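The values are calculated or read from the model by the stated rules, or taken from the named source; none is laboratory data. Everything numeric here is computed off the predicted structure, so don't read it as measured data. Please note: Cβ atoms are built from the backbone with ideal geometry, for glycine as well, and neighbour counts cover all protein chains shown. Ligands, DNA and RNA are stripped out before the accessible areas are found, and what is left, the full protein with its side chains, is counted by its heavy atoms. Shrake-Rupley method; radii C 1.70, N 1.55, O 1.52, S 1.80 Å.
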Amino acid sequence: MSVPGRMIKIHADDNVAIVVNAEGLSAGSHLADGALLVDSVPHAHKVALVDIPENGEILRYGEVIGYALQSIPRGSWVHEGLVRMPEAPPLEELPIATRRTPPLEPLTGFTFDGYRNDDGSVGTKNILGISTSVQCVAGVVNHLVERVRKELLPRFPNVDDVVALNHSYGCGVAINAPAAIIPIRTLQNITRNPNLGNEVMIVGLGCEKLDPFKLVPPGHVARSDGCSPVLTLQDAGLKGFNDMVAALMDVAEQHLVRLDQRRRQSCPASELVVGLQCGGSDALSGITANPAVGHAADLIVRAGGSVMFSEVTEVRDAIHLLTPRTIDQSVGQALVREMAWYDRYLQAGEADRSANTTPGNKQGGLANIVEKALGSVAKSGCSPIVDVIGPGERIRRKGLTFAATPASDFICGTLHLAAGMNLQVFTTGRGTPYGLAMAPVIKVATNSTLAQRWHDLIDLDAGSIATGEKSIAQVGEELFALILDVASGRKRVCADRLGLHNDLVLFNPAPIT
Ligand code: CA
């Protein structure tokens, strides 16, 4: 990687480079070899390093990101209007488990202070979660959360927060449709998230399709203390709103008493379950933040921890780079199966993968989903892919897992929580105030302009990689240290300090009735 004229070329074969100076480069600027820029090129956009003929390949990351719609002279701005998108790599005959690299050296001695649960999982927060079997009860639950926060929480200083797990599912849905398994298992597995300490409270209505008892974690149906894990608002004993709230406050207090007895204890870094995703990407994502996150992901894997990367539409075009990294045929086939399922899902909606890129991505210099995907997969580092889980499933193995989720920030976040994530790392180039109430989200900026403008919303600036001040490894190590501090409660992420939390949003590919 070099920085001639404040441009970065990633791979030796590339015929485009990315402008990294904050104001862009104006026409007439000199390229490294003395040639002149033909056009003015905005920050994070691409410059042709050679004359590219009509239909010629445009190469970035050493891969074809598109074909020239017309001849592009050296020094031109290669904007999206000049680029024809290639076909997605075919899913047949992909190389599976072919990469033979020596295992990464294990890392020992790294710990964080977490809340250990009975089932062996470890939380990074100590939260009372209140889940629901149907949207009908959401208003009552929101009222309850407000009352608990005001009247009960001050008496339980070891409990971090009380969180409503409201959602849009539960009734008015084709609950027996095969794809309904996705929203249902998502809700079931969210109640088992390590940050809820197996103390989740469940509020049902009484006439809904989704049985609230189906949300109760295994082994919690009949509690020895007589405290029912489910409270149903249509219960004949509850006479009106005040009765309901009083009953709910009573149950909440019993959970808070137990949660308040928990203390952080030193746990090995192998207990981390870190989800990775990006949102509002730009062309620097694949140069700065995502490779730094990839470096940190490798450190977590080397320390024995679990890392999930996701976002099917943002890996689909780089799938030929991922299948060789799977550990065996069955994991490789599972990865291909998830891609094929999503191809069919998009097709059924008469859309294709080009539906992914946003206007902001394009303003940020990303010509299409191919370029976005090649930058996105850098988050996964270089560890082997040990497992693939479907949307809403729980993580099963330590190491690097591909969790098949949509790229939608809120849906990916929700599915990561269901998978058992106790902390998320989120990279952004355009900027988003995204956050999750149930788990800390560390936001990493791809460029220093954003990090400086959003000084109180961004947790780590990876823009220093573009300017050459820091290496990918340095920022990756800083991120790893920050992950341990945040997981220990020693540092709070910006979104938590400001109380910025997005809603849980379920992925429901099944019909609504
Ligand atoms: Ca996303």
| query | Can you spot a residue in segment 222-236 that is more than 18 Å from THR132 (Cα to Cα), free of Cβ contacts under 8 Å to residues at least 12 places away in the same chain and open to solvent by less than 60 Å² (accessible area, probe 1.4 Å)? | reply | yes
| request: Would you check if there is a residue in segment 268-284 being acidic (Asp, Glu) and at pLDDT below 95? | output: yes
| task | Scan GLN452, GLN424 and give me the residue that is polar (S, T, N, Q), within 16 Å of the chain's Cα centre (by Cα) and assigned by TED's automatic domain parsing to the domain that holds MET308. | result | GLN424
| Matching residues in segment 212-236 - criterion: being in contact with a helix residue (DSSP H, G or I) (Cβ under 6 Å, 6 or more places away or on another chain) and either farther than 23 Å from CYS171 by Cα or modelled with pLDDT under 65 (or both) | CYS227
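Working carefully through the options GLY381, GLY476, find the one that is crowded, with 24+ Cβ neighbours inside 10 Å and out of contact with any strand residue (DSSP E or B) (no Cβ under 6 Å at 6 or more places or on another chain). Before the answer, list the steps.
Working: GLY476 fails: crowded, with 24+ Cβ neighbours inside 10 Å.
Answer to the check: GLY381.
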| said: Please count how many residues of segment 272-304 are closer than 24 Å to ASP118 by Cα and surrounded by 24 or more Cβ atoms within 10 Å (Cβ to Cβ). | reply: 6
| request: Hey, can you tell me all the residues within segment 114-150 that are in a loop (DSSP other than H, G, I, E, B), open to solvent by less than 10 Å² (accessible area, probe 1.4 Å) and under 30 Å from VAL301 (Cβ atoms)? | output: THR124, ASN126
| note | Contact list, first residue from segment 399-410 and over 20 Å from ALA269 (Cα atoms) and in contact (Cβ under 8 Å) with a residue 40 or more places away in the chain, second anywhere and near the ligand (Cβ under 9 Å from one of its atoms) and in a strand (DSSP E or B), beta-carbon distance below 9 Å, six or more apart or interchain, is THR405/GLN277; ALA407/GLN277; ALA407/CYS278; ASP409/GLN277; ASP409/CYS278; ASP409/PHE426
| Out of GLY489, GLY463, GLY468, sole residue that is open to solvent by less than 10 Å² (accessible area, probe 1.4 Å) and either under 19 Å from VAL301 (Cα atoms) or touching a residue at least 24 places away in the same chain (Cβ under 8 Å) (or both) | GLY463
| remark: Within segment 368-404, residues being of a type in the set (A, V, I, L, M, F, W, C) and over 19 Å from THR427 (Cβ atoms) number 6
| note | If we take segment 340-442, then helices (runs of 4 or more DSSP H) inside it with 2 or more residues that are within 14 Å of the ligand (Cβ to nearest atom) and in contact with a Cys (Cβ under 9 Å, 6 or more places away or on another chain) are 369-376
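Does ARG353 satisfy being out of contact with any helix residue (DSSP H, G or I) (no Cβ under 8 Å at 6 or more places or on another chain) and farther than 28 Å from GLN474 by Cα?
Taking the combined requirement at face value, the residue does not satisfy it.
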| Is it the case that some residue within segment 466-479 is under 17 Å from ARG430 (Cα atoms) and in the same structural domain as ALA303 (by TED's automatic domain parsing)? | yes
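Here is a check on your reading of the model: is ASP161 among the acidic types (Asp, Glu) and farther than 24 Å from ILE389 by Cβ?
Taking the combined requirement at face value, the residue satisfies it.
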| said: assigned to a loop (DSSP other than H, G, I, E, B), within 16 Å of the ligand (Cβ to nearest atom) and touching a Leu at 6+ places or on another chain (Cβ under 9 Å): is that true of LEU504 in this structure? | reply: yes
| task | Residues that are within 16 Å of the ligand (Cβ to nearest atom) and not β-branched (Val, Ile, Thr): find the helices (runs of 4 or more DSSP H) completely inside segment 218-328 holding 2 or more of those. | result | 289-302
